[in-house]
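Okay, so here's the structure we're looking at.
The values are calculated or read from the model by the stated rules, or taken from the named source; none is laboratory data. Computed from a predicted model, the values in this text were never measured in an experiment. Neighbour counts run over all protein chains shown; Cβ positions are idealised from the backbone, glycine included. Accessible surface is based on the protein model in full, side chains and every heavy atom, while ligands, DNA and RNA are left aside. Shrake-Rupley method; radii C 1.70, N 1.55, O 1.52, S 1.80 Å.
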Amino acid sequence: MTKIESSGDSSRPWESYHTVYTTAKAGMEGVDKEKVQRVVYEMSKGSKYFENEERKDAYIKQKIEDMRVQSSKLTASDLSHYQRVADKRIEEMEASRDLSRIWLHVDMDAFYAAVETLSDPSLKGKPMAVGSMSMLSTANYEARRFGVRAAMPGFIACKLCPDLIFVPTDFKKYTYYSDLTRKVFQRYDPNFMATSLDEAFLDITSVCKERNLNCEEIAEELRKCIHDETGLTCSAGVAPNRLLAKVCSDINKPNGQFVLRNDRIAVITFISSLPIRKIGGIGKVTEHLLRDVFGITTCAEMLKKSAFLCALFSHSSADFFLSVGLGLGGTDTPQARLRKSISNERTFSATHDETLLYQKLVDLAEMLSADMKKEGLYGRTLTLKLKTASFEVRTRAVTLQKYICSNEEILKHASKLLKAELPVSLRLIGLRVSQLNLGKDIIPSDPTQKTLSSFILSAETCQNEIDRNMSMGSDISDQRFIDHEETCVPIDNHEICDKDLESDEFLPTNESKDEIFTKPTERFLVNDSQIRDIVKQESKVDFTKVMGDDFFSRSRKMEKGDNTSINSIFVWVDDYKCSLCGVELPPSFVEERQEHSDFHLAEKLQEEESTNHVEIHPLKERFTQKEERITSQSRNKKQKSSPAGGKHLPIDMFFPRSNKNL
């Protein structure tokens with residue numbers, strides 16, 4: 001739910017709010033959108049969720065205003081330049097268009113709800129949702145007619161549909177039926193891409209040729225096989241690429257299919273009037289930016305505003321928007337990639353009951369361990385994710401010395417992380433394991449790589465070293481220096497969710513997240529007097545004698561605007577592109593260009609400082625000679641005895657002697 005603009009009518013405040021619950025979702029055609037807006041507003045007002053949404057709203061508004069200011073700075077010549085850039089990129093993309101592949105996207109119909117109805121036929125035809133009063137995982141099509149949908153709090157759903165039936169989630173059951181569907185997918189594409197329990201992409205190009213069937217016939221056959229094997233229905237979309245296939249699968253839901261021919265004209269016609277929110281990768285934040293800053297509401301308008309997109313977004317974001325306008329998407333089968341992490345999380349009613357929170361952690365550890373064992377995964381970094389009752393998101397992580405996957409080990413370390421946060425009221429807990437190593441055969445670490453534990457002596461060696469050098473008792477416990485079986489290195493990463501605006505829903509859903517890219521600039525200020533003071537304090541050396549007065553005179557000239565040295569290598573090519581790093585900034589972006597120039601100036605000064613080593617060598621020799629004299633004098637002095645009582649030991653007593661330079 002995001003507040004966009006004031007409607008001007010104080011008696012109808014809900015009209016100024018646009019909620020994610022009323023976006024175009026299959027089965028929600030004909031829903032009274034204003035009624036849903038009013039109920040959501042009235043039921044949420046004053047809650048922690050409402051306050052969190054207001055913080056998000058403020059951030060979105062500021063982001064929109066910033067982009068409007070940047071857009072207003074663009075001159076006619078700027079837009080002409082970026083239009084040429086966009087036209088060239090569009091031409092390159094069009095040349096890469098691939099119409100040779102046939103992609104099919106399968107989406108199970110209200111999957112969780114359908115599985116529950118299959119288990120309990122009495123639910124058929126009745127409005128039903130899977131979840132609880134705090135949050136819904138999904139809703140059947142009967143409930144969607146009232147405006148009820150996934151990621152909606154259950155108490156709001158009850159207000160919209162008083163006769164709504166709640167069924168608790170059962171992920172073991174959903175996983176079982178998901179495995180059955182995947183066995184069917186494998187018959188048509190052994191390398192199918194599963195994106196969730198109820199969705200998958202299949203490349204059916206080969207099977208169409210081998211069986212001499214068209215794509216429509218293959219889609220119908222696959223859907224029939226899934227129904228025969230599971231008793232569940234699904235919808236399918238067929239298109240030349242994955243982006244369009246996903247859009248097509250949503251057109252004739254439930255239990256239907258839509259085929260988009262592998263023809264350029266057909267693709268352009270299809271994409272021209274398609275709302276941008278239908279595209280996977282464009283969520284509510286990006287939708288607001290594109291609409292409120294540029295007036296873009298359909299995919300075809302992406303190309304009309306291509307100059308603005310190239311000017312104000314990063315290269316990758318601009319390329320994505322242009323590809324959407326052209327109806328382009330992935331066509332090649334992605335290469336197998338090693339999984340980087342594995343996780344699960346659960347949302348529940350906000351509670352501060354520690355017993356209940358620990359029980360949730362036990363359940364998550366069991367599920368995570370089972371998933372890891374199923375895929376043969378082991379990991380070293382365990383991350384605990386918490387969402388408080390006020391919707392603040394915290395993450396705490398620990399990196400272990402050995403790989404783990406067992407339920408007991410995961411729970412042991414997760415409990416420690418949770419205990420450090422208590423007391424706290426939570427509404428979500430999640431666990432993630434990263435730094436994975438596939439299979440049980442853990443690859444040994446580099447034998448030449450030294451770790452901290454390699455420098456710690458064992459208790460026996462430590463005691464022998466102390467006895468040999470001190471010949472006195474010690475009350476220091478050797479146990480604290482023993483190399484333990486595990487060494488935990490905590491990583492404390494506290495994140496507030498105020499700017500985590502890309503997530504449209506509370507539970508994992510099929511709606512993609514969008515990314516907003518900016519062009520960061522950095523500014524480094526160099527002050528020669530500060531450099532002198534620091535160096536004099538640390539080394540007692542006059543920096544001017546070492547580096548020379550010329551260094552500081554050049555620095556002062558550059559700070560005052562005389563950038564002769566940097567300008568000899570730094571120019572704006574075509575008055576737009578930096579000759580050193582390629583960043584493009586229009587002439588009207590005066591402050592941004594000055595910051596960029598300062599950045600390269602600082603680099604230049606650092607380079608001159610590091611390369612001016614000719615005069616430093618004599619100084620280094622004098623320091624070396626002085627150090628040798630001090631060393632020889634110390635050898636002739638009688639070594640001081642240790643303090644009485646042996647209470648203080650030199651730290652080198654606990655480290656092995658070595659002549660090697662580490």
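Miscellaneous remarks
- The stretch 261-346 - charge dipole about Cα centre, Lys and Arg +1 at Cβ, Asp and Glu -1, debye rounded to 20: 240
- Other-chain or far-sequence residues with amide H under 5 Å of Ile296's (modelled H): Arg291
- For Glu392, the amide hydrogen comes within under 5 Å of no other amide hydrogen, counting only partners 5 or more places away or on other chains and with H modelled in the peptide plane.
- A 1.4 Å probe run over the protein chains yields, for the stretch 371-442, 41 Å² of accessible area per residue, whole-number rounding.
- The stretch 184-200 - phi-based ³J(HN,Hα) in whole Hz, Karplus 6.51/-1.76/1.60, Gly and Pro as x: 6, 4, 5, 5, 9, 7, x, 10, 4, 10, 8, 9, 6, 5, 10, 9, 6
- Cross-link pairs beyond the 27 Å C-alpha cut-off, checked among Lys124/Lys173; Lys278/Lys360; Lys278/Lys304: Lys278/Lys360
- Heavy-atom accessible area per residue - the stretch 83-224, 1.4 Å, Å²: 47
- Scalar couplings 3J(HN,Hα) for the stretch 217-223, obtained by applying the Karplus form with A = 6.51, B = -1.76, C = 1.60 to θ = phi - 60°, are 5, 5, 4, 5, 5, 4, 5 Hz; x denotes Gly and Pro.
- Residues whose amide H lies under 5 Å from that of Gln257, counting only those 5 or more places away or on a different chain, are Ala236; hydrogens are built 1.01 Å from N in the peptide plane.
- Annotation for Lys224 and His315: the two label points, set 7 Å from Cα along the Cα-Cβ direction, are 5.0 nm apart.
- Put a dot 7 Å past the Cα of Val69, heading toward its Cβ, do the same for Leu422, and the two dots end up 4.7 nm apart.
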